[in-house]
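A.B. asks: Below you'll find the structure I mean.
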Amino acid sequence: LINLSTSLKLQTKFALFNMVSKILIVGVLGALLPIIVNQVVYSHMDDRLVAKMNKVLKIIEKGGLQEIKNDEDCSYGNYNLLKEEFINVTAFDKMGGEYEIINANRKLENEETKYRILSKTFVYDNQIYKLEIGEGLISIKELNKTVQSFLFKIMGIVILISIVLDIGFVRYILRPLNSIIENKLKGTKHPATFDFTMHPTNTSDFRDLQQSINDMMYKIQNAFTIEKEFIANVSHELITPITILQSKFENLLTDQTLSDQTVQKIVESQQTLLRLNKIIKSLLMISRIENEQYEKADEISVREVLQEVINALDERIIQRKVSVEINLLEEFVIRNCNKTLLFNMFFNLISNAIKYNKEGGMIKISGGYDEKTYFVDIQDTGTGIDAKHFTDIFERFKRLNKNNEEGFGLGLPIAKTIANFHEIEIKVSSEVNVGSTFRLIFPIYTSVELPGS
């Protein structure tokens, strides 16, 4: 139950706790109830027996044994028809204490019956007598069962009512918290869209929680804004001098008097500038996507955009001797999207599958409907990724393969940013030295056509 409760909502945990605690209480009461009921029943029975004893003794004191039909052997026995009670007076040889109450069996008319018996010795006309008054326990047992059954039913009803009331009360108490979770946390896809409105509540803890979340999100918004402005400004400021330097290097290469060594250094410098230019443009793209500066007004076919990507990567595919297989079971047309960004997303993922694949390896691209979603799997036979690095691969400038000088560690972060922009989920599964699979899960509402239409 403890392990299960770690994945449940707070109000469900409260309800479960109340239910389990009440069940434990009922269990304890259920164990004690028979003892308590027996004590109460026997106490009432003993009071009745004592009252009957006092009544009989008063009758004897006033009218003698004749009043209770004493016979010649100085004994008297009176049993009711149903054998539920009896009174018995017999001669006895010694005096006892005040009185004694025991449970004992008595055989009446060849039938043994269990009684609660009060015994009392008394003296009458210089003779010691023993008075016994008994009540049958059969009816008491039935009464005991009836009382216990009734009490258990009452407790069950009370528990059900209390559980319903507890759930209702917990829901009422936690309603502000649920509102905070839905509107401030789940409803916030980006710090820029965070709602700072304070939701009304008469619980000070929830007010403090809202204020703390607001303060934290305000700081996060400022940090995001500063980061985005910095990336955008730096990118713009760097692109211009890089372009100028590239032009100057190109002009220098036209000089026929340059030595081969100088030309080589200029070419290397151009390659460095080209790499720097790509990094800056990638950072600028991420910044613009996160600032939602791209429109989503296109409508594209997944099959078509995948084919365009494969065509664009044709030379690299041939160079690495990698075979590519596309197998889309159903067509999927995405609406309200940005074609250029989605092209870049697929381009980066498939480019990665080529880059880290084995020479002569294979890339399988498959897709289809899985229940209420459409998925595209990009599977390679490459080096694979250790499971502990699954979260790291989408971080900027994080390269697991340090020996590979082609990448900058921005391909997967760009793909992830574009996917988030289109509400596409990316899942990774991989095995080292076997290969990796990147699954893209598209929200079904982005499709023009649904399955079976």
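The values are calculated or read from the model by the stated rules, or taken from the named source; none is laboratory data. Since we're looking at a predicted model, the values are computed, not measured. For neighbour counting, all protein chains shown are included, and Cβ atoms are generated from backbone atoms with ideal geometry for every residue, glycine included. Please note that ligands, DNA and RNA were not included when accessible areas were found on the heavy atoms of the full protein model with its side chains. Shrake-Rupley method; radii C 1.70, N 1.55, O 1.52, S 1.80 Å.
A.B. asks: Among the listed pairs 388/416; 22/145; 184/278, which are separated by more than 26 Å between their Cα atoms?
C.D. replies: Details: 388/416 18 Å; 22/145 23 Å; 184/278 37 Å.
With Cα atoms farther than 26 Å apart: 184/278.
A.B. asks: Under a 1.4 angstrom probe, counting protein chains only, how are 285, 216, 19 ranked by accessible area, largest first? Before the final figure, lay out each step's value.
C.D. replies: Details: 285 40, 216 100, 19 70 Å².
Reading off the accessible areas and sorting them downward yields 216, 19, 285.
A.B. asks: In addition: Please report the Cα spread of the chain along all three principal axes, rounded to whole Å, starting with the longest.
C.D. replies: Ordered largest first, the chain gives principal extents of 157, 50, 48 Å.
A.B. asks: When the Cα centres of the stretch 145-204 and the stretch 333-360 are compared, how far apart do they sit, in Å?
C.D. replies: What the calculation gives is 46 Å, centre to centre.
A.B. asks: Could you sort 414-425, 327-338 so that the peptide with the highest average Cβ count within 10 Å comes first and the rest follow in order?
C.D. replies: Sorting 414-425, 327-338 by mean packing, highest first, produces 414-425, 327-338.
A.B. asks: Given a 1.4 angstrom probe, what's the average accessible area per residue across the chain, in square angstrom?
C.D. replies: Counting only protein heavy atoms, the per-residue value for the chain is 62 Å².
A.B. asks: A follow-up question, please. Between residue 281 and residue 260, with labels modelled 7 Å along Cα→Cβ, what's the label distance in nm to one decimal, could you check?
C.D. replies: For residue 281 paired with residue 260, the spin-label model returns 3.2 nm.
A.B. asks: Provide the FRET efficiency to the nearest 0.05 for the residue 359-residue 188 pair, computing r from the beta carbons and using R0 = 45 Å.
C.D. replies: After rounding, the FRET efficiency stands at 0.50.
A.B. asks: Would you mind computing, in nm to one decimal, how far apart the modelled labels at residue 107 and residue 179 are, each placed 7 Å from Cα along Cα→Cβ?
C.D. replies: 8.1
A.B. asks: For residue 46, what accessible area in Å² do you get when you roll a 1.4 Å probe over the heavy atoms of the protein chains, rounding to the nearest 10?
C.D. replies: Around 30 Å² of this residue is reachable by solvent.
A.B. asks: Of 310, 157, which has the most accessible area with a 1.4 Å probe, and how do the rest follow in descending order? Provide the component values of the computation, followed by the final result.
C.D. replies: On the way: 310 20, 157 95 Å².
Descending order: 157, 310.
A.B. asks: Using mean Cβ contacts within 10 Å as the protection proxy, how do 32-44, 174-186 order, highest first? Walk me through the numbers before you get to the answer.
C.D. replies: Values: 32-44: 12.9, 174-186: 15.4.
Ranking, from highest mean packing down: 174-186, 32-44.
A.B. asks: State the percentage of accessible surface on the stretch 175-270 attributable to carbon and sulfur atoms; use a 1.4 Å probe and exclude ligands, DNA and RNA.
C.D. replies: The C+S portion of the solvent-accessible surface of the stretch 175-270 is 57 percent.
A.B. asks: Report the FRET efficiency, 1/(1 + (r/R0)^6), for residue 316 and residue 167, where r is their Cβ-Cβ distance and R0 is 56 Å, rounded to 0.05.
C.D. replies: In this case the efficiency is close to 0.40.
A.B. asks: Right, here's the next one. At R0 = 30 Å, how high is the FRET efficiency between residue 198 and residue 19 if r is their beta carbon distance? Nearest 0.05 is fine.
C.D. replies: So the FRET efficiency works out to roughly 0.35.
A.B. asks: Run the numbers for residue 228 and residue 296: contour at 0.36 nm per residue of separation, minus the present Cα-Cα distance, in nm.
C.D. replies: Net length gain for the segment: 22.4 nm.
A.B. asks: For a label point 7 Å from the Cα of residue 141 along Cα→C-beta, name the residues of the stretch 96-119 whose backbone N is under 20 Å from it.
C.D. replies: The answer is 102-118.
A.B. asks: Using the C-alpha gyration tensor of the stretch 284-371, what are the square roots of 5 times its eigenvalues, in whole angstrom, with the largest one first? Present the calculation step by step, with values, prior to reporting the outcome.
C.D. replies: Details: eigenvalues 125, 64, 21 Å².
Each semi-axis is the square root of five times an eigenvalue, giving 25, 18, 10 Å.
A.B. asks: I've got another one for you. Cut-off under 14 Å on the C-alpha distance; same-chain residues fewer than 8 positions from residue 321 excluded. Which aspartates and glutamates are left, in chain and number order?
C.D. replies: 359, 380
A.B. asks: Run the helix sum for the chain: -39,500 (n - 2.57) per DSSP H stretch of 4+ residues, divided by residue count, reported at 222 nm to the nearest 500 deg cm²/dmol.
C.D. replies: -18000 deg cm²/dmol, from helical runs alone.
A.B. asks: Please compute the modelled spin-label separation between residue 127 and residue 31, points set 7 Å along Cα→Cβ, answer in nm with one decimal.
C.D. replies: Modelled inter-label distance: 5.4 nm.
A.B. asks: Given contacts defined as C-alpha pairs under 8 Å and at least six residues apart, what's the relative contact order of the chain, whole-number percent?
C.D. replies: Once divided by the residue count of the chain, the mean separation gives 9 percent.
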